[in-house]
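Written out below as structure tokens is the structure these notes cover.
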Amino acid sequence: MTSDQQQPTRRAWLPWAVAAAAAVTLAAALIVPRLTDNADAEPAAAATSAPARPKTFTAQGSITLGLGDFAWDEIGSIGQPGPICFGEGGFDDIATGASVTITDAAGEVVAVGELNSSYPGDFSEAQTPTSCKLRFSITGVPTGKGFYGVEVTHRGAVKYAEADMTKPLELTLG
């Protein structure tokens, strides 16, 4: 051999061996943690996302005033055509637009709405009503509170179990 020709060295495989070792190390660093993590763990993106919104329901019902505790009008109003009724005397705070408050078992307010319609009912033979019913429908009441209080204006809360809150509620005054 001449001096211009060099013999290949035995270390020609060394760069390939180093590259292969680096690739194996990188693959192990990526795969092994996934194999040893808890299978039930949430992915990092899910763990940092906003909490799920609580489920809610709509509380619907009415409050009824008895004879002598309300007045009525056959014509109605702009917002509600037809006959309407409203409390009078000691019940003059009971009318369309009056507040309805829902609280949890601890007394914390969880939803607020209002009486949204009224109608006179139970007409006598003389064609005059003997009761006045005012309705409410309150959306966004959170589930999972166990017991709730429903209060119309300042009349005191009536307590209901959650199972009863999903049915039409019937309150009575007078």
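Assorted remarks:
- Site pair ASP92 and VAL112 shows an inter-label distance of 2.4 nm when each label is modelled 7 Å from Cα along Cα→Cβ.
- With a Förster radius of 41 Å applied to the beta-carbon distance between ILE75 and ALA105, the computed FRET efficiency rounds to 0.40.
- In this structure, GLU151 and THR128 have a Cβ-Cβ separation that, at R0 = 30 Å, corresponds to a calculated FRET efficiency of about 0.50.
- Global geometry of the range 56-173, whether rounded, prolate or oblate, following the gyration tensor of its Cα atoms and the 1.5 cut on a/c: prolate
- THR139-ALA163 pseudo-label distance in nm [points 7 Å out on the Cα-to-Cβ vector]: 2.8 nm
Any read-out appearing in this document is the output of simple, stated calculations on the displayed coordinates, not a laboratory observation. Model, not experiment: these values are computed from the prediction. Positions of Cβ are backbone-derived with ideal geometry, glycine not excepted, and every protein chain shown enters the neighbour counts.
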